[in-house]
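Student: Below are the structure tokens for one structure; questions will follow.
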Amino acid sequence: HLSKRLQTVSDHVEPGSRLADIGSDHAYLPIYLAKNHIIDYGVVGEVAKGPLSNAISEITKENLLGVLHPRLADGLAAIEPDDQVDAITIAGMGGNLITHILEAGRNKLSGNEKLILQPNVGEPVVRKWLMKNGYQIFAEQILKEDGHIYEIITAKKAASAVTYSPLELEFGPFLIQQRSSVFIEKWQSEIGLRKRVISDMQRATHKDDVKIAAIQAEIKTIEEVIT
Ligand code: SAM
């Protein structure tokens with residue numbers, strides 16, 4: 001049984017995909033996909049020994065060592081040409097780390113793979129990397145689970161360059177269109193965070209008016225998007 005977050009990530013993995021799940025920890029996502037015969041080949045990448053041994057014991061317990069290949073590696077270094085990976089999932093990390101993994105592993109990307117990314121924070125950084133590297137975002141989800149709000153971004157290399165506006169990069173090209181209730185909730189709480197920062201700054205001895213004005217402008221932008 002997967003979390004709603006990982007279930008939503010897994011929904012984007014097409015049947016028959018040759019998957020690489022990078023930063024897999026317990027390997028719950030690839031195990032679920034393999035057990036349900038959605039994939040019959042998966043690379044399970046982990047940079048840390050503890051999580052890798054968790055992955056190995058879970059995969060062994062499920063009798064899936066012939067299907068899932070756990071590897072100790074930093075980011076996309078887990079992927080070998082023979083794997084012929086055509087789907088990569090990177091979930092449960094910050095957007096900066098996901099971007100770093102993609103950037104450092106660019107030589108491992110054939111350009112044919114679907115990227116399914118679930119940053120916990122810093123989604124705009126991920127979208128900017130995708131745009132800069134010629135990817136097109138073709139699906140986005142936002143969901144709430146256990147009090148946390150998560151976004152999932154799916155992308156593929158585009159035939160020609162795709163440009164996203166600053167608002168699309170910040171809020172998500174699909175999410176800003178859909179404006180779901182979870183999306184509104186997320187950005188309402190982002191407004192709340194910014195208002196608290198401003199009131200703290202206004203109480204400070206050396207008040208930074210330029211910074212305060214910049215945050216007020218952000219609040220105005222968010223309000224315009226969600227109302
Ligand atoms: N992907 C799972 C999920 O979404 O539930 C596990 C997320 S867990 C919070 C993040 C995992 O990423 C950790 O096990 C960590 O060791 C691993 N990790 C961090 N940096 C990594 C890197 N450069 N390469 C591979 N794995 C990495």
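Student: Alpha carbon centre of the range 78-107 versus the range 1-73: separation in Å?
Tutor: Measuring centre to centre over Cα atoms gives 14 Å.
Student: Can you give me the distance in nm between label points at residue 205 and residue 74, each placed 7 Å from the Cα along the Cα-to-Cβ direction?
Tutor: The answer from the label model is 4.3 nm.
Student: Follow-up question, since we're still on this one. Please express the shape of the chain as an equivalent ellipsoid: the semi-axes are the square roots of 5 times the eigenvalues of the C-alpha gyration tensor, given largest first in whole angstrom.
Tutor: Over the Cα atoms of the chain, the ellipsoid semi-axes are 35, 19, 17 Å.
Student: Once you've got the GNM for the chain with C-alpha springs shorter than 10 Å, pick whichever of 111, 75, 23 has the biggest mean-square fluctuation.
Tutor: Result: 111 has the largest fluctuation of those listed.
Student: Next up: Who wins for biggest fluctuation among 159, 204, 48 in a Gaussian network model of the chain, springs between alpha carbons below 10 Å?
Tutor: 204
Student: Hey, another quick one. Can you list the residues of the range 121-135 with backbone N under 16 Å from a point 7 Å past the Cα of residue 161, pointing along Cα to Cβ?
Tutor: 128-135
Student: Tell me what the chain gives for mean residue ellipticity at 222 nm when only DSSP H runs of n ≥ 4 count, each as -39,500 (n - 2.57), the sum divided by the residue total, rounded to 500 deg cm²/dmol.
Tutor: Roughly -13500 deg cm²/dmol at 222 nm, from the helical runs in the chain.
Student: When 60, 205, 154, 89 are ordered from fewest to most other Cβ atoms inside 10 Å of their Cβ, what list results?
Tutor: Result, fewest neighbours first: 205, 60, 154, 89.
Student: Could you tell me which helices of the chain pass both thresholds, a Cα extent of 24 Å or more along their own axis and a mean Kyte-Doolittle hydropathy of at least 0.0, with helices taken as whole DSSP H runs?
Tutor: Membrane-span-like by this rule: 209-226.
Student: Rank the residues 225, 126 as a footprinting-exposure proxy: fewest other Cβ atoms within 10 Å of their Cβ go first.
Tutor: Placing the least packed residue first, the sequence is 225, 126.
Student: Same structure, new question: So what is the orientation-averaged projected area of the range 183-226, using the convex hull of its C-alpha atoms, in nm²?
Tutor: Across all orientations, the range 183-226 yields a mean hull projection of 2.7 nm².
Student: May I pose another question? What residue among 18, 127, 106 shows peak mean-square fluctuation when the chain is described by a Gaussian network model with Cα springs under 10 Å?
Tutor: Looking only at 18, 127, 106, the biggest GNM fluctuation is shown by 106.
Student: Further question: According to the square roots a ≥ b ≥ c of the eigenvalues of the Cα gyration tensor, what is the shape class of the range 1-101, taking rounded for a/c under 1.5, prolate for a/b larger than b/c otherwise, and oblate for the remainder?
Tutor: Taking the square roots of the gyration eigenvalues as a ≥ b ≥ c, the range 1-101 is rounded.
Student: Just rank 210, 85, fewest to most, by other beta-carbon atoms within 10 angstrom.
Tutor: Fewest-to-most Cβ neighbours within 10 Å comes out as 210, 85.
Student: I've got another one for you. Compute the length gained on full extension between residue 11 and residue 221: take 0.36 nm times their separation in residues and subtract their Cα-Cα distance, giving the result in nm to one decimal.
Tutor: Residue separation times 0.36 nm, minus the Cα-Cα distance, leaves 72.4 nm.
Student: How high is the relative contact order of the chain, in percent, counting Cα pairs under 8 Å that sit 6 or more residues apart?
Tutor: Relative CO of the chain lands at 15 percent.
Rule-based calculations on the coordinates, nothing more; no lab input. Computed from a predicted structure; not experimentally measured. So basically every Cβ, Gly included, is an ideal-geometry build from the backbone, and we count neighbours across all protein chains shown.
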